[in-house]
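The values are calculated or read from the model by the stated rules, or taken from the named source; none is laboratory data. Predicted model only: the values in this text are computed from it and were never measured. Here Cβ is always computed from backbone atoms with ideal geometry, including for glycine, and neighbour counts include all displayed protein chains.
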Amino acid sequence: MTKQCTRALACVATLFATAPFVAHAQDVSRIVAATLYIDSAVVERQLKTPGGTRHIQVECMPPGFRSATLQIDGDPSVHLGDVRTEPVTGVDAAACARGPLDARIRALEDQKAALQAQSRADDLTVDYLKRWNGGAGAAPPVAHAPATDRTMPAADSLRKSALELLNDQLRLAHQLADLDHQLAALQKSAHAVKAGGTWTTLRFDLSTATAGTLRLSYQMPDASWRVGYRAALDTATSTLHLDRQAEISQGSGEDWTDVSLTLAMSRVNRRSSPMEPDSWTLQVRKPASSSSLDQSRADMQRVEVTGGRTSRFANLPEAAPAVAPALDRTPVVSMGAEERDWGTLFHASQPVSLPSDGQTHTLALDSRTLSVQVRLQAVPLHELAAYLLAEAPTPAGIWPYGKLQKWRDGTLLDTEDDWSPTDSDHLALYFGRDDRVRITVRRPASMTSSTGLFGSQTQRSWGSIFVVSNGHATPQALELVDMAPVSQDESVKVVSKYDPAPTTTDWQHKPGVNAWLLKLAPNQTQQVSVSQQVTFPKDVTIGNLPGTP
């Protein structure tokens, strides 16, 4: 090799060494962690870079990626330069949209094609058997066998083969239907991703003296989770098994494979500062005209009394039991809880893979076993039925709103209850109707609703006797709740009589709501007598008394 050639090669090598180097991050990076919030997710991508100055390019950042939330951290020697994003259009955008789901769709389509080929082969074989011997179904003669025995063994073998083929066709039909269902879901998700927004390319410059590791984190709005609860009551031991589950939806446009998953019981997009106080200026209203005063006096003649309903004595029909759907299958991934001042975090004990399919994936979070007080509760003026109630102090930690699934002694009761445990300092969960406790209402002639005029006063009275029967072979505690009318006008007088006296006359701090705690022995019957009398001026109308239209 000549000196000129050697010198030329050295010049070329020097040129390449000093030219800017473009690294495509897809070749050297991957998503390693994700923190899911109630309303969005923060994704962390790890990128290893060699030393020197680099132009880094991350292609196919999915719709919803906001560069304003981008945070780039690295080793101390890393110096970050210009950061910018560019929209991806045309064929490249279509390729980005297909990327997360295309491989899975093609794999399912290949499986479907193989099953269809096998099904067609079975169809040809069955058709051949049907047309054997001109459709007579008899097998060909067997050589060197008596005429009477030539056809039987072969015919039995053919029938057995035909049965196996028909069973195989049924199995293939089920598998094809399942594949069609999966393909429809993936294609729907792919369509949603394609129509969801603009794909972008992320570019930034950096320099480092030695090889280093970058961590890119950014917010994605199309991935989130919500909490779900499962409450299982054991009435024999008065214990409540309370499970928390995570229902995760991942439709960000990027598949998460073997990522470190964290679930945060908080929101990103919520108010971070209090509302600013303003001056309080009293609004003084001028006296109304005489015509307005006359109308106001007329309106005041209709005095409302709180509590009670027009149909309060109607016996409501029993609701038909709902058919509960099958339970979700929970992957075996344990979650460790970390309590912080601002909320609770759950960390997966092992890497988790979540495809960008927009489907719901369920993970078990944690489980608590609580000692509860169990009793029955009935409100006869609403419904002649007793419901099982379990109460306990609210467990420590944050328990946000979520769907609640209820079980009682191994029986599924409900899967659609909305529940917010942190609304009070104690849990109060109802576990269905108890049909072994019977409640009826008797109204003797002396307690039927009546109305009379006494001078300038109208008097209306009514009453009921609630009869409670325990059909259990064990003692039962029952809380019977009744509402008495409450007057907020001095011209309306209310007199209530009870036998026996209520255990409380201010149930859950609600005026006029009375409660009796009854201890019922096996097969015992108790009764509670309630009578009400309301007196008011005859020119006053009260709109929500029994019998009032």
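See the values below:
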{"read-out": "Residues of segment 197-212 that turn out to be more than 15 Å from Val58 (Cβ to Cβ) and not in a loop (DSSP other than H, G, I, E, B), as a count", "value": "3"}
{"read-out": "Failed item in (1) modelled with pLDDT of 75 or more; (2) in a helix (DSSP H, G or I); (3) surrounded by 15 or more Cβ atoms within 10 Å (Cβ to Cβ); (4) of a type in the set (A, V, I, L, M), with Val193 passing the rest", "value": "(1)"}
{"read-out": "Residue that is farthest from the chain's Cα centre (by Cα), among those in segment 413-465 that are among the charged types (D, E, K, R) and under 26 Å from Asn523 (Cβ atoms)", "value": "Arg443"}
{"read-out": "When residues of segment 478-504 are limited to those that are of a type in the set (A, V, I, L, M, F, W, C) and surrounded by 15 or more Cβ atoms within 10 Å (Cβ to Cβ), the one farthest from the chain's Cα centre (by Cα)", "value": "Val492"}
{"read-out": "Tally of residues being surrounded by 12 or more Cβ atoms within 10 Å (Cβ to Cβ) and in contact (Cβ under 8 Å) with a residue 60 or more places away in the chain across segment 521-546", "value": "18"}
{"read-out": "Condition check for Pro153: in contact with an Asp or Glu (Cβ under 8 Å, 6 or more places away or on another chain) and modelled with pLDDT under 60", "value": "no"}
{"read-out": "Subset of segment 206-220 (residues that are within 32 Å of the chain's Cα centre (by Cα) and among the small types (Gly, Ala, Ser))", "value": "Ser217"}
{"read-out": "Residue satisfying condition, being β-branched (Val, Ile, Thr), over 23 Å from Glu479 (Cβ atoms) and outside the structural domain of Asn470 (by TED's automatic domain parsing), within set Thr369, Thr394, Thr451", "value": "Thr369"}
{"read-out": "Any chance Val468 is closer than 26 Å to Thr237 by Cβ, crowded, with 16+ Cβ neighbours inside 10 Å and either of a type in the set (Val, Ile, Thr) or touching a Phe, Trp or Tyr at 6+ places or on another chain (Cβ under 8 Å) (or both)", "value": "yes"}
{"read-out": "Only listed residue being without any contact (Cβ under 8 Å) to a residue 60 or more places away in the chain and touching a Phe, Trp or Tyr at 6+ places or on another chain (Cβ under 6 Å), chosen from Ala501, Ala515", "value": "Ala515"}
{"read-out": "Qualifying residue in segment 385-394 (condition: of a type outside the set (Lys, Arg), assigned to a strand (DSSP E or B), modelled with pLDDT under 85 and under 23 Å from the mean Cα position of the chain (by Cα))", "value": "no"}
{"read-out": "Number of the exception - Ser469 against (1) under 21 Å from Glu383 (Cα atoms); (2) modelled with pLDDT under 95", "value": "(2)"}
{"read-out": "Close pairs (9 angstrom Cβ cut-off, 6 or more residues apart or separate chains): outside any strand (DSSP E or B) in segment 35-51, among the aromatic types (Phe, Trp, Tyr) anywhere", "value": "Tyr37/Trp225; Ile38/Trp225; Pro50/Phe21"}
{"read-out": "Every pair of residues 6+ apart whose Cβ atoms lie under 9 Å, when the first sits in segment 107-119 and is within 16 Å of Asp168 (Cβ to Cβ) while the second is of a type in the set (Asp, Glu) and part of a helix (DSSP H, G or I)", "value": "Gln118/Asp168; Ser119/Asp168"}
{"read-out": "Among the candidates Pro76, Pro50, Pro20, residue that is at pLDDT below 85, in contact with a Ser or Thr (Cβ under 7 Å, 6 or more places away or on another chain) and surrounded by fewer than 18 Cβ atoms within 10 Å (Cβ to Cβ)", "value": "Pro20"}
